[in-house]
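**Q** To start, I am sharing the structure in question, which I have written as structure tokens.
The values are calculated or read from the model by the stated rules, or taken from the named source; none is laboratory data. These numbers come from a predicted model, not from an experiment. Heads up, the Cβs are rebuilt from the backbone with ideal geometry, glycines too, and the neighbour counts pull from every protein chain shown. Each accessible area value is taken on the protein alone, full model and side chains, heavy atoms only, with ligands, DNA and RNA left out. Shrake-Rupley method; radii C 1.70, N 1.55, O 1.52, S 1.80 Å.
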Amino acid sequence: MNVYDQAHQLATAIKESEECKQFNDVKAKVEANPELDAAIKDFMKKQFEFQAKQMMGQELDQEEFIQLQQLSAVLMQDPLTGQYLQNQMIFSQMMSDVYKIIGDAADFGIGPMGDVGDMQ
């Protein structure tokens, strides 16, 4: 079995999956509306920045959190936005599962996904 051939087959399977097709369909609809596309990208950027602060243990600004929630509420009034975010989440979950499966196969005895504490 050639690993590279299998990787190409996996890539094809991902592209042909319902999760990918549905996400790409709704993504094309969003991108056809530049104003909505920009608003979603702005929201996602702010959400990512907030989550990054959270993961790094930085103090979280309550006002920033409230603004993020308000922006989310406004965006979710548009059904296409809701569909986009839901399909993105489903596709991301599928990809996360695939990465975990591959990561588990590449375990080098250092714990789950390179647990730093086990390297001593």
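**Q** With the requirement that a residue be open to solvent by 50 Å² or more (accessible area, probe 1.4 Å) and within 28 Å of LEU75 (Cβ to Cβ), what does the stretch 86-108 give you? Please lay out each step first, then the result.
**A** At the first step, the residues of the stretch 86-108 found to be open to solvent by 50 Å² or more (accessible area, probe 1.4 Å) are 86, 89-90, 92-93, 96-97, 99-102, 104-105, 107-108.
Selection gives GLN86, MET89, ILE90, SER92, GLN93, SER96, ASP97, TYR99.
**Q** With the structure loaded, tell me whether VAL116 is among the β-branched types (Val, Ile, Thr) and at pLDDT 90 or above or whether it fails that test.
**A** Values: among the β-branched types (Val, Ile, Thr): yes; at pLDDT 90 or above: no.
Against the criterion (among the β-branched types (Val, Ile, Thr) and at pLDDT 90 or above), VAL116 does not qualify.
**Q** Right, here's the next one. Could you pull out the residue among GLY103, GLY111 that is at pLDDT below 95, part of a loop (DSSP other than H, G, I, E, B) and either on the phi < 0 side of the Ramachandran plot or of a type outside the set (Ser, Thr, Tyr) (or both)? Walk me through it before giving the result.
**A** On the way: GLY103 fails: part of a loop (DSSP other than H, G, I, E, B).
Only one candidate passes the filter, namely GLY111.
**Q** Something else now. How many of the residues making up the stretch 1-38 are of a type outside the set (Gly, Ala, Ser) and within 17 Å of GLN83 (Cα to Cα)?
**A** Residues in the stretch 1-38 being of a type outside the set (Gly, Ala, Ser) and within 17 Å of GLN83 (Cα to Cα): 18 in total.
**Q** Of everything in the stretch 43-87, what is of a type in the set (Lys, Arg) and within 27 Å of CYS20 (Cα to Cα)? Give them in sequence order.
**A** Within the stretch 43-87, the subset of a type in the set (Lys, Arg) is 45-46, 53.
Across the stretch 43-87, the qualifying residues are LYS45, LYS46.
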